[in-house]
Amino acid sequence: MTGDSGVARDGTHKANYQPGYELRAKYTVLAEGCRGHLGRRLEARFKLRSGCDPQHYGIGFKEIWRVDAAQHRPGEIVHTLGWPLDDATDGGGFVYHAADARVYLGLIVSLSYRNPHLDPFAEFQRWKQHPAIRDLLVGAERLSYGARAVNKGGLQSLPRLTFPGGLLVGCDAGLLNPAKIKGSHAALKSGMLAAETILAALAKQGAAADATVVRDRIKAAAKANAKKPLSVPVGSNFYKRLTDFYLKDYLGKPLIDRFHNGAQPIDQFVFKDRDGSYYIVYGGWRHCNIAKLNADFTGFVPFGDGSTFKEITPAGYVEGAFMLLKDDKYYFMWSEGGWTGPNYAVAYAVGTSPFGPFERVGKILQQDSTVATGAGHHSVLHSPASDKWYIVYHRRPLGETDRNHRVVSIDELRFDARGFIQPVVITKNGVLADPLKR
Ligand SMILES: Cc1cc2nc3c(=O)[nH]c(=O)nc-3n(C[C@H](O)[C@H](O)[C@H](O)COP(=O)(O)OP(=O)(O)OC[C@H]3O[C@@H](n4cnc5c(N)ncnc54)[C@H](O)[C@@H]3O)c2cc1C
């Protein structure tokens, strides 16, 4: 039973009155969007969330503007992270240049913010004052606007999607891909898969007589599926088909699925050598291996001595391998210390080949008690336009005690005249824009 809607406080019926209804159906597809009232109750009733991560939420604002033709670059997509949000608040913005001089823009703020005075709508207004956004809106006209919650836990927060008599789809299930802010196509696709799954289940149960509306389609589906096993009971492969759609696994199995030379199979980095060969450098638990990748990265090319994984662990290595080639020198970098504590750090060594031997030179990145703690697990970028090097890494904001709460940061990486890497100065401001195209 659903409740009546459009009832005034005094019990009289307003113009939009709709009586509640009793839902009698073999299968019900729930598509209420983020944190739906019924979906939430069904999750609790059928324990659909047991075995998955908790869901987490954000609030998203979106506006549609008609902008000056000179500012309009159809097809351009800009995603932003960080500013104006503080270090303890995650979220980001988007600007999509659509057709007809329309621009869709907005900001999503994670609802785990700690500052009780933070006003997500005011942050959105601040975000629009950024020079890159403000210029776009000068002389423009806002056509419409709205706000809505988003469930952004992603794949690991997906509950079981089926229960006796029904399925959850779209954002009721939590299918938004938060990294891409894409939920519409996943919502549509999940609806289509739900329909196919139910159709197949009804066909198998010979329920055509009950479902006269879809009878012909059931017959057609049953015929088409005659040679294939049907998916009954409902949901037996709904989740798998959805996750296949969501996350296509190139190999269908891990590239490296066990320890070799004591190296935990994590933290991989793919390094391209000067002869065009690609190597995977990886490993946790204080061991690091290198292996040569084949042309399509589906496996390995054994070395001349028949081995596939060679250990290149330098002194002090813990995890987070990274390699780069500069001026004929192989710079090998890694993280050391424990990632949960304040002393996590990045150190490096220099060698004459990707196989080493690598002699530890020293630490290049570590905490600064005035900026952040636990700075480590990095990557390095080089701008061919400016010839500048940047280190991207994670660190823990000052005062943060949650070991999982780290923020991604970027600072400049400098080499001295002799080719040594200078200790990185970690900053609160990061780096200036360095356009690749000039
Ligand atoms: C600011 C912002 C920007 C976004 N940008 C993008 C983007 O660029 N690309 C993209 O793909 N996705 C984007 N998304 C996500 C996208 O909007 C959603 O993933 C998508 O709308 C989910 O569709 P849905 O049908 O599952 O839910 P919804 O679109 O939320 O629809 C659910 C509907 O069910 C109604 N309803 C709820 N409860 C009941 C009930 N009990 N009975 C009857 N009706 C009910 C609701 O009123 C609503 O109309 C964005 C989201 C936000 C907030």
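A short reminder: the numbers here are calculations on the coordinates, not readings from a lab. Just so we're clear, the structure is a prediction, and the values are computed from it rather than from any experiment. Heads up, the Cβs are rebuilt from the backbone with ideal geometry, glycines too, and the neighbour counts pull from every protein chain shown.
Beyond 14 Å, the tail of the calculated P(r) for segment 389-434 holds 56 percent of the Cα pairs. Simple spin-label estimate for Leu432 and His79 gives 2.7 nm between the two label positions (7 Å along the Cα-to-Cβ direction from each Cα).
In this simple spin-label model, placing a label point 7 Å from the Cα along the Cα-to-Cβ direction at both Lys180 and Ser353 gives a separation of 4.2 nm.
Calculate the all-directions average of the projected area of segment 57-151's alpha-carbon convex hull, and give it in nm². Could the numbers behind the result be given before it?
Working: hull surface 23.7 nm².
Over all viewing directions, segment 57-151 projects a mean Cα-hull area of 5.9 nm².
Between segment 280-330 and segment 391-430, the alpha-carbon centres lie 24 Å apart. Remark: segment 279-287, residue by residue, has Karplus-estimated 3J(HN,Hα) of 10, 9, 10, 7, x, x, 6, 6, 10 Hz, where x stands for each Gly or Pro and the curve is 6.51 cos²θ - 1.76 cosθ + 1.60 at θ = phi - 60°. Taking amide hydrogens as placed 1.01 Å from N in the peptide plane, the amide H of Ile364 sits under 5 Å from those of Val346, Ala347, Tyr348, each at least 5 positions away in sequence or on another chain. Shape class of segment 106-164 from the Cα gyration tensor (axes a ≥ b ≥ c, square roots of the eigenvalues): prolate, since a/c reaches 1.5 or more and a/b is larger than b/c. Between segment 2-77 and segment 126-149, the C-alpha centres lie 25 angstrom from each other.
Diagonalise the Cα gyration tensor of the chain and give the resulting equivalent ellipsoid semi-axes, square root of 5 times each eigenvalue, largest first, whole Å.
Numbers: eigenvalues 439, 203, 90 Å².
The equivalent ellipsoid of the chain has semi-axes of 47, 32, 21 Å.
In Å³ and rounded to a whole number, note down the convex hull volume per residue for the Cα atoms of segment 326-438. Write down the numbers at each step before the final one.
Numbers: hull volume 13.0 nm³, N = 113.
Measuring per residue, one finds 115 Å³ for the Cα hull of segment 326-438.
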